[in-house]
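Since the structure comes first, as structure tokens, the remarks are kept for the end.
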């Protein structure tokens, strides 16, 4: 039986298990019209948490717009500058509308990306002795970096742990940390991701209200969440939301956004000023007047030629429907989870260890896992990625700039980390990974497969066939320390 026939049978079984997938056929038409390059090159793209792919029609529409008009630096009153300003402000309004954010309550501040938006909050937040910065173990390093601003200004920094194996925020411990200094007037910032970029876990958005009710400002990292989920800022009202548009629709890169609640924005204090952020500055008087609202936070000249492409991308998402994308991604993710957990070596030992929940009830469109040989030895995920690339499959490996979630997933202790850091004065990442591996078969990284806008069952099927092809593989083993991967069977029922 040929591969095509085998996949057709697999598709039939998939549709019987997930009939709602049939309601997402509009995405098949979009794949054919705007992402034909994938099938033409037999390329499976499965790193949508890293970046979405751009639609050909999106790029053409933007190019047509630029070819029709004359756009100049918006920091002027000229005809070309006014044309740029109109499109920038229209895009700003389009963003607020998309996220159901009232312009009386929120403003959109353009940044280079989500990391720049996060840094903008960190460097401007009024941390001081008595103030606090609360993060979760599950945070991107661009959020973790905010602690440096807090510590430098004398504020206390705490981390809320995760529970295992589901890798959700420990709600009981988080409540204790939120209640600390509850009646204090000092400024307190709580930052967490709506969806983990490590495990794909969706953290409860109800945490926003719980923290705000206790007097905290909440910074929500929505970069991994909004590409496949609706974020309604009329329903939840965090002080700040950071996101990157290339993660939503692939193009343009270099444009992100900080959605800021106006009352919270007024509490920020910029440590410097730049062109475009002031209404007045003097050299001899050593004075400056910061521009009001979002203008005081948009440094220099905006990326005014790329910003209009954001409106075009949001229009595309509205046409296909974010709920349609969410349904498709959920079906593919649930199927891959089930199939991976069913894989066994010839001796009956499981091949795969899944990080996070084994269902999509609290998981977005990412599946993070490690592979083990028949004796329970960890397979080198870096070599697995190389083999996948040879099969024209793109996914992500490593710790995904999220060390805390990885440490929690692998039960790495402070002693483990300290031992690895002290192993040699010339510590390198490969050496660090080796030391960690020899401490009980633990891993400092993993494999992440994530789905998105242009994903199909064929993509998920080829990923599964690739992983299954490593059955009984021993040549990719790292070290000689085995891990009892059989204990991970409990995650099949989500326990």
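The values are calculated or read from the model by the stated rules, or taken from the named source; none is laboratory data. Keep in mind that this is a model prediction, so the values were computed, not measured. Every residue, glycine among them, receives a Cβ derived from its backbone with ideal geometry; neighbour counts consider all protein chains shown.
Key figures for this structure:
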{"item": "Residue within the stretch 336-359 that is assigned to a loop (DSSP other than H, G, I, E, B), modelled with pLDDT under 95 and touching a helix residue (DSSP H, G or I) at 6+ places or on another chain (Cβ under 6 Å) present", "result": "yes"}
{"item": "When residues of the stretch 166-202 are limited to those that are buried (at least 22 other Cβ atoms within 10 Å of the Cβ) and in a loop (DSSP other than H, G, I, E, B), the one nearest to the chain's Cα centre (by Cα)", "result": "197"}
{"item": "Pairs with Cβ under 7 Å, 6+ apart, first in the stretch 190-204 and without any contact (Cβ under 8 Å) to a residue 24 or more places away in the chain, second crowded, with 24+ Cβ neighbours inside 10 Å", "result": "none"}
{"item": "Identity of the residue in the stretch 234-249, in contact with a helix residue (DSSP H, G or I) (Cβ under 8 Å, 6 or more places away or on another chain) and surrounded by fewer than 23 Cβ atoms within 10 Å (Cβ to Cβ), that ends up farthest from residue 367 (Cα to Cα)", "result": "237"}
{"item": "So residue 393, is it touching a helix residue (DSSP H, G or I) at 6+ places or on another chain (Cβ under 8 Å) and either modelled with pLDDT of 95 or more or farther than 30 Å from residue 203 by Cα (or both)", "result": "yes"}
{"item": "Enumeration of residues in the stretch 13-41 that are exposed (fewer than 11 other Cβ atoms within 10 Å of the Cβ) and not in a helix (DSSP H, G or I)", "result": "41"}
{"item": "Residue count, the stretch 53-91 (criterion: outside any helix (DSSP H, G or I), touching a residue at least 24 places away in the same chain (Cβ under 8 Å) and within 22 Å of residue 302 (Cβ to Cβ))", "result": "5"}
{"item": "Test: residue in the stretch 462-477 that is modelled with pLDDT under 60, in contact with a helix residue (DSSP H, G or I) (Cβ under 8 Å, 6 or more places away or on another chain) and surrounded by fewer than 20 Cβ atoms within 10 Å (Cβ to Cβ)", "result": "no"}
{"item": "Scope the stretch 319-346; condition surrounded by fewer than 17 Cβ atoms within 10 Å (Cβ to Cβ), out of contact with any strand residue (DSSP E or B) (no Cβ under 9 Å at 6 or more places or on another chain) and either in contact (Cβ under 8 Å) with a residue 60 or more places away in the chain or under 13 Å from residue 457 (Cα atoms) (or both); matching residues", "result": "321, 323, 346"}
{"item": "Qualifying residue in the stretch 243-261 (condition: more than 23 Å from residue 88 (Cβ to Cβ) and modelled with pLDDT of 95 or more)", "result": "no"}
{"item": "Meets criteria (closer than 21 Å to residue 368 by Cα, at pLDDT below 70, outside any helix (DSSP H, G or I) and in contact with a helix residue (DSSP H, G or I) (Cβ under 9 Å, 6 or more places away or on another chain)) for residue 452", "result": "no"}
{"item": "Residue ID - nearest to residue 460 (Cα to Cα), chosen from residues in the stretch 373-388 that are surrounded by fewer than 19 Cβ atoms within 10 Å (Cβ to Cβ) and within 22 Å of the chain's Cα centre (by Cα)", "result": "385"}
{"item": "Only one of 378, 371 that is in contact with a helix residue (DSSP H, G or I) (Cβ under 9 Å, 6 or more places away or on another chain), more than 28 Å from residue 223 (Cα to Cα) and part of a strand (DSSP E or B)", "result": "378"}
{"item": "In the stretch 96-152, the residues that are part of a loop (DSSP other than H, G, I, E, B) and either buried (at least 20 other Cβ atoms within 10 Å of the Cβ) or at positive phi (or both)", "result": "99, 100, 101, 113, 125, 127, 130, 131, 137, 138, 139, 140"}
{"item": "Yes/no for residue 222 being in contact with a strand residue (DSSP E or B) (Cβ under 6 Å, 6 or more places away or on another chain), surrounded by 15 or more Cβ atoms within 10 Å (Cβ to Cβ) and touching a residue at least 24 places away in the same chain (Cβ under 8 Å)", "result": "yes"}
{"item": "Flag if residue 211 is at pLDDT 95 or above and either not in a loop (DSSP other than H, G, I, E, B) or not assigned by TED's automatic domain parsing to the domain that holds residue 296 (or both)", "result": "yes"}
